[in-house]
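Enquirer: Following this message is one structure expressed as structure tokens.
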Amino acid sequence: MSIRAFWAVSYDKTEYGKVRFSRRYPTVEFRAKALAGSQYVAVPEDRLIPQLLLTELGLIDPEKPYMAVRDDCDRQQRCPAVELRVGGPGGRTLWPLLTINQGGLILACLPLVEAPPDPRPPLPSLASVSQGLALLSGLQGFLCGTGGKLPEPDVLASRLATLPSLLLQVCPLGTPLDVPPLAGALPAIMAPGPGGAQKQPAWKAGVHRGRAVVSVALTETVRSMQYGSRSKQDMWDVYGTVMCKCEVEGVLPNVTVTLTLPPNGSPLQDILVHPCVTSLDSSILAASSVDENDGSAFSGPYKFPFSPPLEPFRLCSYTSQVPVPPILGSYQLKAVEQILKMNVVLKLHESVRNSFEYCEAQLPFFNRHLIGTVDVKVSWGQLEVSKEKNLLVWVLGQKFPKSREVTLEGSVNFSGHPVGPSDPLCTDLTAYVKLHFRIPDLTLSGCCVDQHSVQVYSSAKPRIVTTRELVSSEYYIWNSTGDAPVSSGLMIL
């Protein structure tokens, strides 16, 4: 894979956006022009990049949070691969522009897509996407460190100043070094032998010394939109990530991680892998959630042989189609004069293990006065009112009752004090319950990493640690007696 251009853009509330560093590769751009032909779109000048990028990411114009060309529900989002609208005849765009945002610093790169631009190829089929994200992730670690915040300004400026020499070593002429070729296996001259010396790759600054440990963490995230209405279809989706940290001695140790599914499990789809994976069955990458499933998709086991970097990294990600969400719910909210009467029912599906690390339901109230009197009874758990007086928090704890069903019923009165937070969407009876939960040692797809299936070819036998968990994200249950936003298509990762 090759990179057409790379940018580091900073922004904050007092600054519209500034290009702190950029690099373009004319030889790669010449190839892009030859591949695209008449559909070629040139890369804009650096002075135009901040406005185009921040607009696409929704980081400017706070008084205009909605833009039809960007936010319309008919347009499928596939972050972190976004479109950069450069204008011109027909509204030309650059795609896929890969971005990583951390603490006011955006790293972006435009990989070369070696395929006809029309029709646009699916993201899972583009090796340059996962490899480009790996390059951005590595540069993010170099510039920002392991914490969630940016380093001090002088430290960041010093690291940005070293980027030209760093990219010259790891990405000469726009092509990252030590990236597995598209055909699959590494060339024989680069494959590590049992006795011969091994070349230190440019992306690996050192080797591990000490006790050998391999940690593999599988996390599945479930999202849901439930309406409790026959006229609106409930939606949910599941996506998983496999994070690895390999503390293994050797310049290029070989590790193999295998994902397995239960006998009747749905095949994994939209699989993206880290560039350190040395070989892969092409059928693993073929399954896509946007294609019709003919039942012949590869259903595992999924083997990922790789030579790991020193730092923790995302080995792969995937999506999975599951028949039901883990928690089904209904929410009814009615207004009687100045009082809101509510009824919430939550039911844990029988296939889900009844053991949570935490589970709570939040009922926010927008565009109203602050909460005054609360007369609500819950069949399980505890009910709390937030300090801001605009949110009810129903703490369900670590288990549902034996019936697997809990209820909340009562009324809330609002005082005549200052108005609480506003939301242009949640007006009148448009309201929701948002669930937050984490279930250890469970995945909805049934996918798991068997501790004994992790193979490590190294001089020392490592300790293998594997974990899996299910967490919620954007898990909404909308009031069935009011209006609710409905997507025109499936929720897409």
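The values are calculated or read from the model by the stated rules, or taken from the named source; none is laboratory data. Just so it is clear, the model here is predicted, and its values are computed rather than measured. Note that we place each Cβ from the backbone using ideal geometry, even for glycine, and neighbour counts take in every protein chain shown. Areas reflect the complete protein model, heavy atoms only, side chains present, ligands, DNA and RNA absent. Shrake-Rupley method; radii C 1.70, N 1.55, O 1.52, S 1.80 Å.
Enquirer: Open to solvent by 50 Å² or more (accessible area, probe 1.4 Å) and in a loop (DSSP other than H, G, I, E, B): is that true of residue 424 in this structure?
Expert: It is true that residue 424 is open to solvent by 50 Å² or more (accessible area, probe 1.4 Å) and in a loop (DSSP other than H, G, I, E, B).
Enquirer: For the stretch 427-445, which residues satisfy the criterion of being of a type in the set (A, V, I, L, M, F, W, C) and assigned to a strand (DSSP E or B)?
Expert: Here is the first cut: in the stretch 427-445, the ones of a type in the set (A, V, I, L, M, F, W, C) are 429, 431, 433, 435, 437, 439, 442, 444.
The answer is 433, 435, 437, 439.
Enquirer: Continuing with the same structure: When the stretch 411-429 is examined, which residues are found to be touching a Leu at 6+ places or on another chain (Cβ under 9 Å) and closer than 21 Å to residue 329 by Cα?
Expert: Matches in the stretch 411-429: 411, 412, 429.
Enquirer: Residues in the stretch 252-275: is at least one under 26 Å from residue 351 (Cβ atoms), without any contact (Cβ under 8 Å) to a residue 24 or more places away in the chain, surrounded by fewer than 17 Cβ atoms within 10 Å (Cβ to Cβ) and out of contact with any His (no Cβ under 6 Å at 6 or more places or on another chain)?
Expert: Checked against the condition, which is being under 26 Å from residue 351 (Cβ atoms), without any contact (Cβ under 8 Å) to a residue 24 or more places away in the chain, surrounded by fewer than 17 Cβ atoms within 10 Å (Cβ to Cβ) and out of contact with any His (no Cβ under 6 Å at 6 or more places or on another chain), the stretch 252-275 yields at least one hit.
Residues checked against (1) in contact with a Pro (Cβ under 9 Å, 6 or more places away or on another chain); (2) open to solvent by 50 Å² or more (accessible area, probe 1.4 Å):
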site: 382; (1), (2): no, yes
site: 405; (1), (2): no, yes
site: 415; (1), (2): no, no
site: 439; (1), (2): yes, no
site: 455; (1), (2): yes, yes
site: 470; (1), (2): yes, no
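Enquirer: Given the structure, is residue 363 open to solvent by less than 20 Å² (accessible area, probe 1.4 Å) and either out of contact with any Asp or Glu (no Cβ under 8 Å at 6 or more places or on another chain) or outside any strand (DSSP E or B) (or both)?
Expert: Taking the combined requirement at face value, the residue satisfies it.
Enquirer: Residue check, residue 109 against (1) within 20 Å of residue 164 (Cα to Cα); (2) at pLDDT below 80, all met but one. Which one?
Expert: Result: residue 109 fails condition (2) only.
Enquirer: Among the numbered conditions (1) in contact (Cβ under 8 Å) with a residue 40 or more places away in the chain; (2) within 27 Å of residue 351 (Cα to Cα), tell me where residue 401 comes up short.
Expert: (1)
Enquirer: When the residues of the stretch 233-251 are narrowed to those that are open to solvent by 10 Å² or more (accessible area, probe 1.4 Å) and in a loop (DSSP other than H, G, I, E, B), which ends up farthest from residue 460 (Cα to Cα)?
Expert: 233
Enquirer: Any residue in the stretch 280-302 that is at pLDDT below 90, more than 27 Å from residue 434 (Cα to Cα), of a type in the set (Ser, Thr, Tyr) and touching a Phe, Trp or Tyr at 6+ places or on another chain (Cβ under 9 Å)?
Expert: yes
Enquirer: Follow-up question, since we're still on this one. Can you tell me which residues in the stretch 384-403 are within 16 Å of residue 366 (Cβ to Cβ), open to solvent by 30 Å² or more (accessible area, probe 1.4 Å) and outside any loop (DSSP other than H, G, I, E, B)?
Expert: 385, 391
Enquirer: Further, regarding this structure: Please find, within the stretch 95-107, the residue that is nearest to residue 269 (Cα to Cα) out of those that are out of contact with any helix residue (DSSP H, G or I) (no Cβ under 9 Å at 6 or more places or on another chain) and not small (Gly, Ala, Ser).
Expert: Applying the filter and picking the extreme gives 95.
Enquirer: Could you grab the pairs with beta carbons closer than 8 Å, sequence gap of 6+ or different chains, first residue in the stretch 329-358 and within 15 Å of residue 371 (Cα to Cα), second one among the aromatic types (Phe, Trp, Tyr)?
Expert: 338/414; 340/365; 340/414; 342/331
Enquirer: Specify the residue that is farthest from residue 108 (Cα to Cα); the eligible residues are those in the stretch 152-171 that are part of a loop (DSSP other than H, G, I, E, B) and either open to solvent by 30 Å² or more (accessible area, probe 1.4 Å) or among the acidic types (Asp, Glu) (or both). Reasoning before the result, please.
Expert: Pass one, the stretch 152-171, residues part of a loop (DSSP other than H, G, I, E, B): 152, 162, 171.
Filter once more, keeping what is either open to solvent by 30 Å² or more (accessible area, probe 1.4 Å) or among the acidic types (Asp, Glu) (or both): 152, 162.
Values: 152: 21, 162: 17 Å.
If we take residues in the stretch 152-171 being part of a loop (DSSP other than H, G, I, E, B) and either open to solvent by 30 Å² or more (accessible area, probe 1.4 Å) or among the acidic types (Asp, Glu) (or both), then 152 is farthest from residue 108 (Cα to Cα).
Enquirer: Filtering the stretch 347-359 down to residues that are open to solvent by less than 50 Å² (accessible area, probe 1.4 Å) and either acidic (Asp, Glu) or part of a loop (DSSP other than H, G, I, E, B) (or both), which residue is nearest to residue 397 (Cα to Cα)? Break it down stepwise before answering.
Expert: Filtering the stretch 347-359 down to residues open to solvent by less than 50 Å² (accessible area, probe 1.4 Å) leaves 348-349, 352, 354-356, 359.
Those still in the list that are either acidic (Asp, Glu) or part of a loop (DSSP other than H, G, I, E, B) (or both) too: 349, 352, 354-356.
Details: 349: 17, 352: 16, 354: 11, 355: 9, 356: 7 Å.
Out of the qualifying residues, it is 356.
Enquirer: Taking the stretch 301-346 only, how many residues are polar (S, T, N, Q) and either more than 27 Å from residue 479 (Cβ to Cβ) or surrounded by 19 or more Cβ atoms within 10 Å (Cβ to Cβ) (or both)?
Expert: 6
Enquirer: Out of (1) surrounded by fewer than 19 Cβ atoms within 10 Å (Cβ to Cβ); (2) assigned to a strand (DSSP E or B), what's the single condition that is false for residue 96?
Expert: Among (1) surrounded by fewer than 19 Cβ atoms within 10 Å (Cβ to Cβ); (2) assigned to a strand (DSSP E or B), residue 96 violates only (1).
Enquirer: Which numbered condition trips up residue 120, out of (1) closer than 20 Å to residue 56 by Cα; (2) not in a loop (DSSP other than H, G, I, E, B)?
Expert: (2)
Enquirer: If you don't mind, another one. Write out, first by first residue and then by second, each pair whose Cβ atoms fall under 9 Å of each other, whose residues are 6+ apart or on separate chains, and whose first residue, in the stretch 158-178, is farther than 17 Å from residue 2 by Cβ while the second is assigned to a helix (DSSP H, G or I) and open to solvent by less than 40 Å² (accessible area, probe 1.4 Å).
Expert: From the stretch 158-178, the pairs are 159/143; 159/144; 160/143; 163/139; 163/143; 166/139.
Enquirer: Any idea which residue in the stretch 108-128 is most open to solvent (accessible area, probe 1.4 Å), counting only those that are among the aliphatic types (A, V, I, L, M) and under 18 Å from residue 269 (Cβ atoms)?
Expert: Filtering the stretch 108-128 for residues among the aliphatic types (A, V, I, L, M) gives 108, 110, 112-113, 115, 123, 126-127.
If we keep only those that are under 18 Å from residue 269 (Cβ atoms) as well, we get 123, 126-127.
On the way: 123: 21, 126: 17, 127: 37 Å².
Restricting to residues being among the aliphatic types (A, V, I, L, M) and under 18 Å from residue 269 (Cβ atoms), the top hit is 127.
Enquirer: Anything in the stretch 55-91 that is assigned to a strand (DSSP E or B), among the aliphatic types (A, V, I, L, M) and modelled with pLDDT under 85? List them, or say none.
Expert: Passing the criteria: only 81.
Enquirer: Another question about this same structure. Find the residue count for the stretch 220-232, including only residues that are in contact (Cβ under 8 Å) with a residue 60 or more places away in the chain, open to solvent by 20 Å² or more (accessible area, probe 1.4 Å) and of a type outside the set (Ser, Thr, Tyr).
Expert: Residues flagged as in contact (Cβ under 8 Å) with a residue 60 or more places away in the chain, open to solvent by 20 Å² or more (accessible area, probe 1.4 Å) and of a type outside the set (Ser, Thr, Tyr) within the stretch 220-232 amount to 4.
Enquirer: Another question, then. Which members of the stretch 1-54 meet the condition of being in a helix (DSSP H, G or I), within 23 Å of residue 102 (Cβ to Cβ) and open to solvent by 90 Å² or more (accessible area, probe 1.4 Å)?
Expert: 51
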